[in-house]
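The values are calculated or read from the model by the stated rules, or taken from the named source; none is laboratory data. The model shown is predicted, which means the values in this text are computed figures rather than measured ones. Cβ: placed from backbone, ideal geometry, glycine included. Neighbour counts: every protein chain shown. With ligands, DNA and RNA removed, areas are computed over all heavy atoms of the protein, side chains included. Shrake-Rupley method; radii C 1.70, N 1.55, O 1.52, S 1.80 Å.
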Amino acid sequence: SYSIRAMMWAVPRRLFATTSATSSRCTPFPRAKPRLLSAPRLLSTIARDYDVVVCGGGVIGASVAYHTILADPRLRVCVVERDVRYTHASAMLSAGGIRQQFSLPANIQLSLYGLDFLRRAASDLCVPGEEPPDLQFKEQGYLFLASEQGEATLRRNHATQRAEGVDWMRLLDPDELATRFPWMDVGGVALGCLGEHSEGWFDPWALLTALRSKARSLGVTFHAGEVTGFDLERTAPGAIRAVRVADAEGGSSLVGAREVVNAAGAFAGQLVGLCGAGVAPLPVAARKRCVFSFDVGSRGGAREARGVPPGGTTPLVVDPSGVYFRPEGGSGQFL
């Protein structure tokens, strides 16, 4: 971790007034717990034909596979993932946030479904004989701060959210912010919008593990390999009839597919590029972002109680500059 003094360039000074259950098994019949995120557990060979091939096995790809097989258990579903340790997976590198504070109704409704999904995960994603998954969902809210220039936008967004049934967002003026969050320097802040509940963050690794485990228990195949190309239908330009997959040992497979889902996230544009010049490019590319872990407190002495946001009640705070922070782990630890 880093001292807040060393990290002050990353967290605007206005954010701080000072710098100084018991689990139960889902069903009774026993079963060995699979180690899902280790490479040896992924299949080295795959069948020749599937109804659905999902390219990308992160949270989105695993979710697509789970929902697909849930909708129709007769479907043969395969997920292909090249990064078996998820070193570059966007969700694994994120702060794991979920919010309804969006400006578009579609995003708000998607988030509401995600919220319900997280709350039901312990039962819906439980595998027979396994412990129910714990996604470590912390409903501590989001707090968006706006300057005078951004106040009108924040109010419009708030109105949109309420129109979509999200009535737990509260607008706070600087005095209300200072009263509710005494550690905050509200200088330059004109308005805040706080999600009283139903927003916060969770453990992306736990979600991915639970989705993969449940999908596999329902019959989904996970394959370690890299998509290197597509075989297209001659009579239907752009229609894919097979996926070319290379494995780490140098082998390759041609996997027949009725439907192909591009779930490559930040690398989705690269997959579309494999379809050839006749397919319009997808303007999606990976961009570098940085998340830092830092410590708020003195360098060597006792932690200062005054001016330190309490970990158990502090929301994820988004500054007008776009920089955000949230509690992580023990007292005084933040991302």
Once both labels are modelled 7 Å past Cα along the beta-carbon direction, what's the THR179-THR313 spacing in nm?
1.4
Per residue value of the accessible surface for region 158-260 (all protein chains in place, 1.4 Å probe), Å²:
45
Under 12 Å from a point 7 Å along the Cα-to-Cβ line of LEU112: which residues of region 136-166 have their amide N that close?
161-166
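How much of the accessible area of region 94-231, probe 1.4 Å, is carbon plus sulfur, in whole percent?
50
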Where the only charges are on Cβ atoms (+1 Lys, Arg; -1 Asp, Glu), what is the dipole of region 129-231 about its Cα centre, to the nearest 20 debye?
220
Taking θ as phi - 60°, what are the ³J(HN,Hα) couplings along region 155-171 by the Karplus curve (6.51, -1.76, 1.60), each to the nearest whole Hz, with x for Gly and Pro?
5, 5, 4, 4, 5, 4, 4, 5, 5, 8, x, 8, 9, 9, 8, 10, 7
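Please work out how much length the chain gains when fully extended from THR228 to ARG74, using 0.36 nm per residue of separation minus the C-alpha to C-alpha distance, in nm with one decimal. Could you put the intermediate results ahead of the total?
On the way: separation 154, 0.36 × 154 = 55.44 nm, distance 2.77 nm.
Extending this stretch completely gives an extra 52.7 nm.
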Potential extension, LEU218-ASP83 segment - 0.36 nm per residue separation minus Cα distance
46.3 nm
Below 8 Å, C-alpha to C-alpha, sequence gap of six or more: please give me the relative contact order for region 61-139 in percent.
14
Arranged from highest to lowest average of other beta-carbon atoms within 10 Å per residue, in what order do the peptides 49-56, 275-282 appear?
49-56, 275-282
Relative packing of 260-268, 91-99, which averages over residues the other C-beta atoms within 10 Å, highest first:
260-268, 91-99
Starting from the 7 Å offset along Cα-to-Cβ, what nm value, one decimal, do you get for the label separation of ALA280 and ARG244?
2.6
Could you list which residues have their amide H under 5 Å from that of LEU191, counting only those 5 or more apart in sequence or on another chain, with H placed in the peptide plane?
ALA146
